[in-house]
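The values are calculated or read from the model by the stated rules, or taken from the named source; none is laboratory data. For clarity, every value in this text was computed on a predicted model and none was experimentally measured. All Cβ positions, glycine included, derive from the backbone under ideal geometry; neighbour counts span all protein chains shown. Areas reflect the complete protein model, heavy atoms only, side chains present, ligands, DNA and RNA absent. Shrake-Rupley method; radii C 1.70, N 1.55, O 1.52, S 1.80 Å.
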Amino acid sequence: MWFLIALCSALFLGFYDVAKKLSLRENAVIPVLFLNTLFSSLAFLPIILGSLYGVIDSGSLFYVYPGPFSWHVWVMLKAALVLGSWVCGYFAIKHLPLTLVGPINSTRPVMVVIGALLIFDEQLNLWQWAGVVTAVFAFWLLSRSGKREGIVFTHNAWIVLLVCAAVLGALSGLYDKFLMGNLGLPAFFVQSWFNVYQMLMMMSVLVVWQWWQRNCDVSHREVFVWRWSILCIPLFLCIADACYFHALAYDEALIAVVSMTRRGSVLVSFAFGALVFHEGGVRSKLLDLLLVCFSMFCLCIGATV
C-alpha cells in the first residue's frame with residue numbers, strides 16, 4: 001500500500017511541475033511565486049492558530065508545538081534556503097523546456113548523497129557510487145542534448161539558475177536531516193512554520209519587485225496575468241507532500257524506495273513536455289532520462305543493502 005501512495009506522490013509532484021510551467025509561460029515570475037507561498041501558508045495558518053489557542057489538542061497528529069525561539073530561527077534558515085531554490089527554479093522553468101528541467105532536477109538525490117559524504121562523513125557503497133557516476137554521465141549527455149537546441153550549459157543563465165536551484169534544494173534536504181535528526185525538531189513544526197516564514201520573506205521580495213517595476217524602463221517591465229493553474233501549484237505540492245509523509249508512516253515503508261519513487265515525477269513532466277508542449281529533442285533526451293532513472297535506482301538499492 002505504501003508503494004502505491006508513493007506513486008501518487010510522484011504523480012502529483014509531476015503535475016506540480018506542469019502547473020508551474022503553465023503558470024509561468026509569458027508571465028511575471030515573482031507574483032506567481034508569491035501567490036504560491038501565500039496559498040501554502042494559508043493552508044497551515046489555521047492549524048498553527050488552532051494549536052496556539054487550544055482548539056487542536058496536543059495529542060493530535062496536526063498539533064504544532066509552539067517551540068522555543070531558537071527553533072524558529074533554524075526554520076527561518078530553511079525557509080531562506082528553499083525560497084532561494086524556488087526563485088532560481090521558477091525563473092529557469094519559465095525559460096527552459098520541461099524535457100530538460102525534469103531530468104536535471106531529478107539529480108538532486110545524487111547531490112544529497114554527495115553532500116552527506118562531504119558534510120556528515122557518510123560512506124558510500126558500490127551501488128551508490130554507481131548512481132553518482134551514472135548521474136554525472138547523464139548530466140553530460142543532457143548538456144549535449146541541450147546544445148542541439150541552442151542551449152549551451154556553460155553559457156546559459158537559465159541553466160545556471162536551474163543548477164543553483166537543484167544545489168539549494170539538495171542543501172535543504174541535508175538541512176532537514178540536521179533539523180529533525182540532530183536537533184530533534186518535530187517534522188510538522190518545521191513544515192508549518194517554514195511555509196509561513198517563506199511567505200513573509202517572499203512578501204518583501206514582492207515589494208522590491210513592484211518598486212523595480214515602477215522605476216525600470218518600460219521595455220523591461222513584466223506583466224502578471226492570473227491563471228487558474230497558479231492555484232494548482234500549491235494544491236498539487238500539498239497533495240504530493242501529504243502522500244509522501246503518509247507513505248513513510250507505514251512501518252514497513254523503505255524511505256530510500258519512497259524517495260526514489262517520488263523522483264519518478266520526472267516521467268510525468270517529461271511526458272507533458274513532449275506530448276502537450278511539443279518540445280524538441282525528445283528522442284535524445286529520452287536516453288538521458290533513462291540514465292537519470294537508472295542512477296536513482298542504484299541509489300535506492302545502495303540505501304537498502
Taking the Cα centre of the chain as the origin, how large is its charge dipole in debye, to the nearest 20, when only Lys and Arg (+1) and Asp and Glu (-1) carry charge on their Cβ atoms?
-> 780
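May I ask you to rank E222, E26, E279 by accessible area, largest first, using a 1.4 Å probe over the protein chains only?
Values: E222 55, E26 170, E279 30 Å².
Solvent-accessible surface, decreasing: E26, E222, E279.
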Of every hundred units of 1.4 Å-probe accessible area on the chain, the number belonging to carbon and sulfur atoms, as a percent, is 71
So what does H246 come to for accessible area, using a 1.4 Å probe and Å² rounded to 10?
-> 100
Which of F3, V132, L22, positive extreme of dipole for the chain (C-beta unit charges) = L22
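Highest mean first, how do 167-179, 38-50 rank when packing is the count of other Cβ atoms within 10 Å averaged over residues?
For the peptides 167-179, 38-50, the packing ranking is 167-179, 38-50.
Can you figure out the FRET efficiency of V55 with L200, using R₀ = 30 Å and their beta-carbon distance, to the nearest 0.05? Walk me through the numbers on the way to the answer.
Values: r = 23 Å, r/R0 = 0.77.
Efficiency at R0 = 30 Å is approximately 0.85.
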Net charge near P109: determine it from the other residues with C-beta under 12 Å of the C-beta of P109, scoring Lys and Arg +1 and Asp and Glu -1.
-> +3
Just read off the accessible area of W127 with the full protein assembly in place, 1.4 Å probe, to the nearest 10 Å².
-> 110
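When the Kirkwood hydrodynamic radius is evaluated over all pairs of different C-alpha atoms of the chain, what value in angstrom, to one decimal, is obtained? Let's see the in-between values first.
On the way: mean 1/r = 0.0493 Å⁻¹.
Its Kirkwood hydrodynamic radius stands at 20.3 Å.
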Keeping every protein chain in place, order T134, T37 by accessible area at 1.4 Å, biggest value first, i.e. largest first.
-> T134, T37
Based solely on its DSSP helices, what 222 nm [θ] is calculated for the chain when runs of n ≥ 4 H residues each add -39,500 (n - 2.57) and the sum is averaged over all residues, nearest 500 deg cm²/dmol?
-> -26000 deg cm²/dmol
Sorting D288, D217 on solvent-accessible surface, 1.4 Å probe, most exposed first, gives D217, D288
Just grab the label-to-label distance for A271 and L290, each label 7 Å out from Cα along the Cβ direction, in nm (one decimal).
-> 1.8
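So which helices of the chain fit the span-like rule, where a helix is a whole DSSP H run, its Cα atoms reach 20 Å or more along the axis, and its mean Kyte-Doolittle is at least -1.0?
Values: long enough: 2-24 (33 Å, 1.40); 29-52 (34 Å, 2.02); 69-95 (40 Å, 1.02); 126-148 (34 Å, 0.56); 157-177 (30 Å, 1.65); 187-215 (42 Å, 0.50); 228-248 (31 Å, 1.71); 282-304 (33 Å, 1.65).
Once both thresholds are applied, what remains is 2-24, 29-52, 69-95, 126-148, 157-177, 187-215, 228-248, 282-304.
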With all protein chains present, calculate the accessible area of V268 using a 1.4 Å probe and round the result to the nearest 10 Å².
-> 30
